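Comments concern the structure below.
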Amino acid sequence: MSDSVSLPDTDWPELKPGWVWLCGAGPGDPGLLTLHALNALRQADVVIYDALVQESVLDWAPQAEHIYAGKRGGKPSAKQRDISLRLVDLARDGKRVLRLKGGDPFVFGRGGEEAQTLVQHGVPIRIIPGISAGIGGLAYAGIPVTHRDVNQSVTFVTGHDQSGRAPSSLDWKAIAQGSQVIVIYMGMKHIARIAQELLDAGRPASEPVGVVTSATTGTQRVLESTLGKVVADVEVAGLEPPAVICVGRSVLMRQVLDWQAQEAGARPRNLDPLGRGRPAESA
C-alpha cells in the first residue's frame, strides 16, 4: 500500500494532540476505508488497532506507533476496560490517538463503550463511521441485505453476549417472525443454538442461509446452505470465524450477483433466483 495517495483538496479535520478519533476500518479490504480514515491515519501519533484490521492499512501511518489490541473469541485478549483506559492515558500524554476498529465502531464493535469512557474522563473525541461487515461483507459475497422482491426489513443481531454465550436476552421468536432477513455477527460459535432457535420459532428448514468468512479479504469464503443444514454444512466445509451469517431469501440473489465469480469469467447460475420472472424496470 502506497503512501503516495493524495486526498482531494479540501479542508480536512485536524487530529489534535490529546484527542482520540474512533474510526471504522471497514470489513477487511483496505480499499473500503473512508477518506476520513485515511486522513486520520496520516496524522496519528498512535494507532491502536483491532484483530480484524488488515495490517497493511497501517502502512498509511508509518509515522505512528502501532499498538495491537485485538479481541478474538477463545484466545487471550486484552480486557475492554484496559483498552479504554489506555486510550485515556495516551490522550492525556498529549498524543494524537487513532482507535482503529474493524467494520463500524458503533455496530457490535464496543465503540460506544470506549467513547463513553473517554468522554467521562474529559477526553475529546471524533467518530469516523466505517462500512459494517453485515452490509459490505455480504455485498462482496453477492448478497444484498435488501431487495424489493424479498424484504422491507432487516434485523442485525450479535451471535454472543458479553459473557461469550449465545445471547439469552434476545427474543428469537419475535426476530424470527418479525424480520424477513436476519444478519448475525459473530455467530459461528453458537450457530447450532441460533439455527435451532429460529427453527423453533417457525422459520422453515429450507430457508436460504449464507455464511461469509473473512469477508472482503483474499481469504474470503462463502457457504450457501439452508437453515436446516447449515450446522452440518459449516462443519463439513471447515469454516472458522470471523464470519457474518445471513438468513433469508436475499441469499438466493447470490446466484446472479456473485460478481467476484463473474470477474473470474463465470456466468450467473440463475438469472431469476426468486422465481418471479424478469424484474420490472424502476419507475
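The values are calculated or read from the model by the stated rules, or taken from the named source; none is laboratory data. Worth saying up front: this structure is predicted, and the values here are computed from it rather than measured. With ideal geometry, Cβ positions are generated from the backbone for all residues, glycine too; neighbour counts draw on all protein chains shown.
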Scan the range 174-193 and tell me whether some residue there is outside the structural domain of Ala25 (by TED's automatic domain parsing), farther than 26 Å from Gly28 by Cα, free of Cβ contacts under 8 Å to residues at least 24 places away in the same chain and not in a helix (DSSP H, G or I).
no
Scope the range 147-173; condition in contact with a helix residue (DSSP H, G or I) (Cβ under 8 Å, 6 or more places away or on another chain), assigned to a loop (DSSP other than H, G, I, E, B) and not β-branched (Val, Ile, Thr); matching residues
Ser153, Gly159, Ala166
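Only one of Asp258, Asp272 is at pLDDT 95 or above and outside the structural domain of Pro27 (by TED's automatic domain parsing); which? First the steps, then the outcome.
On the way: Asp272 fails: at pLDDT 95 or above.
Being at pLDDT 95 or above and outside the structural domain of Pro27 (by TED's automatic domain parsing) holds for just one of Asp258, Asp272, which is Asp258.
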I'd like the residue in the range 1-43 that is closer than 30 Å to Val244 by Cα and in a loop (DSSP other than H, G, I, E, B) and, out of all such residues, is modelled with the lowest pLDDT.
Met1
Does the range 95-113 include one or more residues that are touching a Phe, Trp or Tyr at 6+ places or on another chain (Cβ under 6 Å), part of a loop (DSSP other than H, G, I, E, B) and more than 21 Å from Leu52 (Cα to Cα)?
no
Looking at Arg148, Arg165, Arg193, can you tell me which residue is of a type outside the set (Ser, Thr, Tyr) and within 14 Å of Leu252 (Cα to Cα)?
Arg148
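Say whether the condition of being part of a strand (DSSP E or B), free of Cβ contacts under 8 Å to residues at least 24 places away in the same chain and assigned by TED's automatic domain parsing to the domain that holds His160 is met by at least one residue in the range 203-224. Spell out how you get there, then give the answer.
So the first thing to find is which residues in the range 203-224 are part of a strand (DSSP E or B), and the list is 208-213, 221-224.
After this cut, where a residue has to be free of Cβ contacts under 8 Å to residues at least 24 places away in the same chain as well, the list is 221, 223.
With assigned by TED's automatic domain parsing to the domain that holds His160 added as a condition, the list becomes 221, 223.
Checked against the condition, which is being part of a strand (DSSP E or B), free of Cβ contacts under 8 Å to residues at least 24 places away in the same chain and assigned by TED's automatic domain parsing to the domain that holds His160, the range 203-224 yields at least one hit.
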Those residues of the range 114-137 which are within 30 Å of Gln260 (Cα to Cα), hydrophobic (A, V, I, L, M, F, W, C) and part of a helix (DSSP H, G or I) amount to Ala133, Ile135
In this structure, is Gly103 touching a residue at least 40 places away in the same chain (Cβ under 8 Å), in contact with a Pro (Cβ under 6 Å, 6 or more places away or on another chain) and over 29 Å from Ile245 (Cα atoms)?
no
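Yes or no: Arg148 of a type outside the set (A, V, I, L, M), over 29 Å from Glu263 (Cα atoms) and either in contact with a Leu (Cβ under 6 Å, 6 or more places away or on another chain) or outside the structural domain of Pro105 (by TED's automatic domain parsing) (or both)?
Considered against the rule, which asks whether it is of a type outside the set (A, V, I, L, M), over 29 Å from Glu263 (Cα atoms) and either in contact with a Leu (Cβ under 6 Å, 6 or more places away or on another chain) or outside the structural domain of Pro105 (by TED's automatic domain parsing) (or both), Arg148 comes out as no.
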From Lys75, Lys71, grab the single residue that is surrounded by fewer than 21 Cβ atoms within 10 Å (Cβ to Cβ), closer than 14 Å to Glu114 by Cβ and either in contact with a strand residue (DSSP E or B) (Cβ under 6 Å, 6 or more places away or on another chain) or at pLDDT below 95 (or both).
Lys71
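Any residue in the range 36-54 that is among the aromatic types (Phe, Trp, Tyr) and closer than 22 Å to Gly18 by Cβ? First the steps, then the outcome.
Pass one, the range 36-54, residues among the aromatic types (Phe, Trp, Tyr): 49.
The next check asks that each one be closer than 22 Å to Gly18 by Cβ; those that pass are 49.
Checked the range 36-54: at least one residue is among the aromatic types (Phe, Trp, Tyr) and closer than 22 Å to Gly18 by Cβ.
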Do we find a residue being charged (D, E, K, R) and buried (at least 17 other Cβ atoms within 10 Å of the Cβ) anywhere in the range 216-232?
yes
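Please specify each residue of the range 8-37 satisfying the condition of being surrounded by fewer than 17 Cβ atoms within 10 Å (Cβ to Cβ) and of a type outside the set (Ser, Thr, Tyr). Steps first, answer last, please.
Initially, the range 8-37 is screened for residues surrounded by fewer than 17 Cβ atoms within 10 Å (Cβ to Cβ), giving 8-14, 16-18, 31, 34-35.
Listed by number, the residues that qualify are Pro8, Asp9, Asp11, Trp12, Pro13, Glu14, Lys16, Pro17, Gly18, Gly31, Leu35.
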Out of all the residues in the range 209-233, which are farther than 16 Å from Ser250 by Cα and charged (D, E, K, R)?
Arg221, Lys229, Asp233
